[in-house]
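What follows draws every value from the coordinates through simple rules; no lab data is involved. Owing to the predicted nature of the structure, the values given are computational and were not obtained by experimental measurement. Ideal geometry is used to build each Cβ from the backbone, glycine not excepted, and the neighbour counts take in all protein chains shown.
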Amino acid sequence: MLRPASVSKANLFETFAVLVEVLFPTLAKGVIIRRPKMLAVAERFDLDRRAIRRMQRLRNKYPAGPLVLRIPGRSLALILHPQDVHRILAGSPEPFATASTEKRAALAHFEPKNVLISHGADRTDRRRYNEDVLEAHRPVHCLAEDFLEVVNSEVQYLHKSLPHSAELTWPDFSKTWFRIVRRVVFGDAAREDHELSEMIAKLRSAANWASLLPPRKALREQLLHRIGYLSPPRRALQLSRRDGRRSHNQPN
């Protein structure tokens, strides 16, 4: 635990400045999925630079340790120094819990069983599953070559579909990006399933509002049903991964 002696308290002006220049712009831009209009506002008024400068001033003024903000009825602290960030990450979920009220409310919209907001045996089992699927123990995933083939093919398709004189716009890049995501995660059958990505985006957009909006349970059930429809390609990926493991473990 961080020692009480190392805890500093911001004054009222500093707390107000953090809320106005750091917290509110971050929430406005969207913490789960970005809001394009608010990003345009942030860029126009250079809000990111203001937030960075505010945090730098606080870091230069206060010693290592959390900086407690003066917010009535709520205990909130900023972590300003890298060593404290590493210490908290290494000490989660105990003694530094990751399942804050805000995170639980946000992820309840589309990932209510996310590892980040899980506890005890559930968290241990879900983290083990995630690490197994992502192959955290290996420097390169056994399906990396398959992923690269997907990326290369979609980039080539994008290049051929654009006029030689055209600039790469965000809509064109976004379509290509999500084609790659769907093929890698759900298989080739999901390549043109734009509705699948739209459903996920709607749930994530609702999650930006956390507890201010009720979870869209019907939409989430619809999404899960659609993902279940794509289960055969995912099964093929799982079998491919197992075959890759066996090949990798066989002696030369």
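Before moving on, here are some points about what is shown:
- As a rough footprinting exposure proxy, the listed residues LYS160, LYS37, LYS202 were ranked by other beta carbons within 10 Å of their own, and the order from fewest upward is LYS160, LYS37, LYS202.
- Contour minus Cα-Cα distance for VAL31 and VAL184 (0.36 nm per residue): 52.6 nm
- The share of Cα pairs per 10 Å bin across the range 94-243, counted from zero up to the longest distance, runs 10, 28, 36, 22, 5, 0 percent.
- Each part gets one Cα centre, and for the range 33-83 versus the range 177-193 those centres are 36 Å apart.
- Net charge contributed by nearby residues that have their C-beta within less than 15 Å of TYR157 (K/R +1, D/E -1): +1
- Compared with the direct C-alpha span, the chain from PHE45 to PHE16 gains 8.6 nm at full extension, assuming 0.36 nm per residue.
- Of the chymotrypsin sites (Phe, Trp or Tyr not before Pro) found in the range 1-77, those that fall in a DSSP loop while having at most 15 other beta-carbon atoms within 10 Å are PHE45.
- By the helix-only formula, in which each DSSP H run with n ≥ 4 contributes -39500 (n - 2.57) and the sum is divided by residues, the chain has a 222 nm mean residue ellipticity of -18500 deg cm²/dmol.
- Pair LEU158, THR101: separation of 7 Å Cα→Cβ label points (nm): 4.1
- Using the Cβ-Cβ distance between PHE173 and MET38 with R0 set to 22 Å, the FRET efficiency works out to roughly 0.65.
- Here the gap between ARG127 and GLU192, fully extended at 0.36 nm per residue and compared with their Cα-Cα distance, gives a gain of 20.3 nm.
- Candidate lysines - alpha carbon under 29 Å from LYS175, same-chain residues fewer than 8 apart omitted: LYS29, LYS37, LYS103, LYS113, LYS160, LYS202, LYS217
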